[in-house]
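Below is one structure, written out as structure tokens, with a few remarks after it.
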Amino acid sequence: MLPARGPWPHPYDDLPDAFLEVELRDEQDQVRSVRVRHKVLGSGPPLVLVHGLMTSSYSWRYVLEPHVASCSCTRPAIRS
Amino acid sequence: MHAPGYPFVRTRALNALLGAPLLGPGLASLVAHVSHRWPRTFVARNVHYLRKDMMSEEEAAEYGALFATMEGARVFARILHESVDPHEHARVVAELRARVREGTPFPCPTKILYARKDVMVPASFGPLFHADIPGSELVWMDDASHFLQVDAPSQMVEQILAFDPDEASAA
């Protein structure tokens, strides 16, 4: 049985989603459009936090608030 | 940085299994079906932290959403196969080493944060990346496994904020 939440508080669910339409060419050289979900917050020099396979931008939940004081954080959730 | 990076026995074996003529498609289909049928359990078993109490229902639900449809589960199985392709890893390493031979600098100042206790990727890859990216800085995260930012968030923030690209590129 897992605990309901992790050991530390985080603001992930309070942050609204934003969406970006990204165009790319696939293996057949067809142009495709992918909708990327991400979250943006803060101001200042941009800092892009990218997640890995099988996770989402949620994996950056614990480092978000300390960075907000210094940077504009963009966290793409690639799975979308 | 926690990409597999260099071809090694575990990724080679997984790639060979997933690429085997008859076995591969069956195994990929099994991964897709299991992850779709039991998404939270699949996530809880496959996301590894140093501390065993880090995984929560909230997290299992968040990552498990990927497997809500069979299409999502199948895409995951396909990307998993691609992500352990030793030829692709070797190509990236060869490109890095060609840059070193030709004296072409890496395109951006680089700081490598590497987990000492990663259970998925050997820690020995840290020094290899460091050597293959001249001018990079290697910092060991001693008490972190595969997900550094969850195992050691304070150290992660400290290291990112301390990174000065101008200073690093001048080094």
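Just so it is clear, none of the values below were taken in a lab; they were calculated from the coordinates. All values reported here derive from a predicted model rather than from experimental measurement. Cβ coordinates were reconstructed from backbone atoms using ideal geometry, including for glycine residues, and neighbour counts include every protein chain displayed.
The table that follows gives values for the structure above.
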{"item": "Average partner coverage of B:152-164, which counts Cβ from other chains inside 10 Å", "result": "3"}
{"item": "Nearest-ten-degree value, helix B:70-83 long axis tilted from longest Cα axis of chain B", "result": "40"}
{"item": "Cα-centred dipole magnitude for the range B:2-145, charges only on beta-carbon of K, R (+1) and D, E (-1), debye, nearest 20", "result": "380"}
{"item": "Distance in nm between pseudo-label sites at residue B:143 and residue B:8 (7 Å out along the Cβ direction from Cα)", "result": "2.3"}
{"item": "Listed peptides B:35-47, B:82-94 by packing density, highest first (mean Cβ within 10 Å)", "result": "B:35-47, B:82-94"}
{"item": "Distance cut-off 13 Å, percentage of C-alpha pairs in the range B:1-76 lying past it", "result": "71"}
{"item": "Cα-derived Rg over Rh, computed across chain B with Rh taken as Kirkwood radius", "result": "1.01"}
{"item": "Computed [θ] at 222 nm, helices only, for the protein assembly as shown once each DSSP H run of length n ≥ 4 contributes -39500 (n - 2.57)", "result": "-12000 deg cm²/dmol"}
{"item": "Between the range B:1-46 and the range B:92-171, the Cα center-to-center distance that results, in Å", "result": "26"}
{"item": "Principal axis dimensions, the protein assembly as shown - Cα atoms, whole angstrom, descending", "result": "51, 44, 40"}
{"item": "Lysines with Cα under 27 Å of residue B:52, excluding same-chain neighbours fewer than 8 positions away", "result": "B:117"}
{"item": "Cα-centre dipole for the range B:105-170 with unit charges at Cβ (Lys and Arg positive, Asp and Glu negative), debye to 20", "result": "200"}
{"item": "Projected label distance in nm at residue B:37 and residue A:4, using a 7 Å step from Cα toward the beta-carbon", "result": "3.1"}
{"item": "Cβ crowding within 10 Å averaged over residues, with B:58-69, A:19-30 ranked highest first", "result": "B:58-69, A:19-30"}
{"item": "Nearest-0.05 FRET efficiency for residue A:25 and residue B:163, computed from C-beta distance (R0 35 Å)", "result": "0.60"}
